[in-house]
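The values are calculated or read from the model by the stated rules, or taken from the named source; none is laboratory data. Source: prediction; values computed, not measured. Cβ placement follows ideal geometry from the backbone for every residue including glycine, while neighbour counts extend to all protein chains displayed. Heavy atoms of the whole protein, side chains included, go into the accessibility calculation; ligands, DNA and RNA do not. Shrake-Rupley method; radii C 1.70, N 1.55, O 1.52, S 1.80 Å.
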Amino acid sequence: MPLPSLSLSSDAYSWTVNDLAMDSYSAKHTWESLRPRGQKQDWADTVWTLLICGCPNVGKSSFMNRVTRADVDVQPLKSLFVNKPLVIVCNKTDLVSVESLSEEDLKLIEEMKGGNEEVVVLNMSTLTEEGVVAVKNVACEKLLDQRVEEKMKFRRINDHLNRLHAAMPKLRDDKERLPCIHQVVMEAGEKEKKKTEKDLEDENGGAGFYSVSLKKKYILADESWKEDIIPEICDGHNVADFIDSDILNRLEELTSEEALRQEEAKDDEFEIEGERLTVEQKKQLVDIRKRKALLLQEHRLKKSNAQNRATVERKFDKDKKFTRERLSRDLSSLGLHPSSVMNRAKANLEAGRGRDVMM
């Protein structure tokens, strides 16, 4: 782009993308120019896809819900199963079995196979889950075989096959060797699976009918006592007779007795060497204790603030150039008498040394 001229006319700029002049800057056209779009490709030819097709209301979505545990997005039927492995599944066998179908329906199934011997016909029921796992396994295996077959047609497949070697062991004799399973493993497999609350709920009518027992975790001498109801009469005696009706009054008496003992303990605190204090002495003692608690609180507050305060290194006057003599000369040069300042500094220094000696 040429530089703007120094003429008096106003400068003008134009944005051109692929020899197309634009009125203004366009991020869309610029991006498409930098990264041109490729041709659209059918996703079914590039993605490993398992297709389930069939007439409406035959259980396609129910099968996918059982296998994937997810909601199925229903799509219109397309001719995407051409040259793909095909598995014909007869669903809802819990209502009608394949053996009870008419000759016309069986003939329709044969027509769907189209004379292809590789087409497999399976039966299942998404309600009872009978045959669901078998259908899933067969469909996935056929799809995997088809993908492997396609990859075997690549030109560079021989480069990879040369690196692989499948070793097949040979029998050393005709002796039959049965599989050996450890006794501990066999005993673990024979143990009954512990029932969960969900299993118990399903066995006892489901949600709304089953009520969780809160007593089954009780630790009692006899397991048969867990579900017992507390009786009103036991061993010929009324259970209510063993309940103390005066227990609230006794509790109040104990509370008042405890309060009196606490008051007596407070009075004992005002004794020094076994002698009772006067009212004025008690007041002075209380003031002293309050003052002591306040000083302790202030000391702890200062200590905590000092711990949180950042440590500042003393970098000023490391060479000790700023002495009292220099201070005296600087003040004299300014026309000030340094005697009062020097005397105050000397007094502070002596006072500090005196505290150090006392400590």
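Brief remarks follow.
This table checks each residue for (1) at pLDDT 75 or above; (2) open to solvent by 80 Å² or more (accessible area, probe 1.4 Å); (3) among the small types (Gly, Ala, Ser); (4) touching a strand residue (DSSP E or B) at 6+ places or on another chain (Cβ under 8 Å).
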| site | (1), (2), (3), (4) |
| --- | --- |
| Ile219 | yes, yes, no, no |
| Lys226 | yes, no, no, no |
| Gly236 | yes, no, yes, no |
| Ala240 | no, no, yes, no |
| Ile243 | no, yes, no, no |
| Phe270 | no, no, no, yes |
| Glu275 | no, yes, no, no |
| Lys283 | yes, yes, no, no |
| Arg289 | yes, yes, no, no |
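- Residue check, Leu106 of a type in the set (A, V, I, L, M, F, W, C), in contact with a helix residue (DSSP H, G or I) (Cβ under 9 Å, 6 or more places away or on another chain) and open to solvent by 50 Å² or more (accessible area, probe 1.4 Å): yes
- Restricting attention to the stretch 326-359, the residues that are of a type outside the set (A, V, I, L, M), modelled with pLDDT under 75 and open to solvent by 60 Å² or more (accessible area, probe 1.4 Å) add up to 3.
- Just so you know, in the stretch 164-186 the residues that are open to solvent by less than 100 Å² (accessible area, probe 1.4 Å) and of a type outside the set (D, E, K, R) include one that is farthest from Met152 (Cα to Cα), and it is Val184.
- Whenever a residue of the stretch 234-247 is free of Cβ contacts under 8 Å to residues at least 24 places away in the same chain, its partners that are open to solvent by 100 Å² or more (accessible area, probe 1.4 Å), lying with C-beta atoms within less than 8 angstrom and at least six residues away or across chains, give the pairs Asn238/Glu232; Val239/Ile230; Val239/Glu232; Val239/Ile233; Ala240/Glu232; Asp244/Arg250.
- Any hit, the stretch 108-125, residues being within 13 Å of Asn91 (Cβ to Cβ), part of a helix (DSSP H, G or I) and of a type outside the set (Gly, Ala, Ser): yes
- Taking the listed residues Asn65, Asn57, the one that is polar (S, T, N, Q) and either surrounded by 13 or more Cβ atoms within 10 Å (Cβ to Cβ) or at pLDDT 85 or above (or both) is Asn65, with no other qualifying.
- Selected residue (criterion: farthest from Phe63 (Cα to Cα)) from residues of the stretch 128-186 that are basic (Lys, Arg) and within 38 Å of the chain's Cα centre (by Cα): Arg147
- Scan the stretch 245-262 for residues that are open to solvent by less than 100 Å² (accessible area, probe 1.4 Å), charged (D, E, K, R) and under 52 Å from the mean Cα position of the chain (by Cα) and the total you get is 1.
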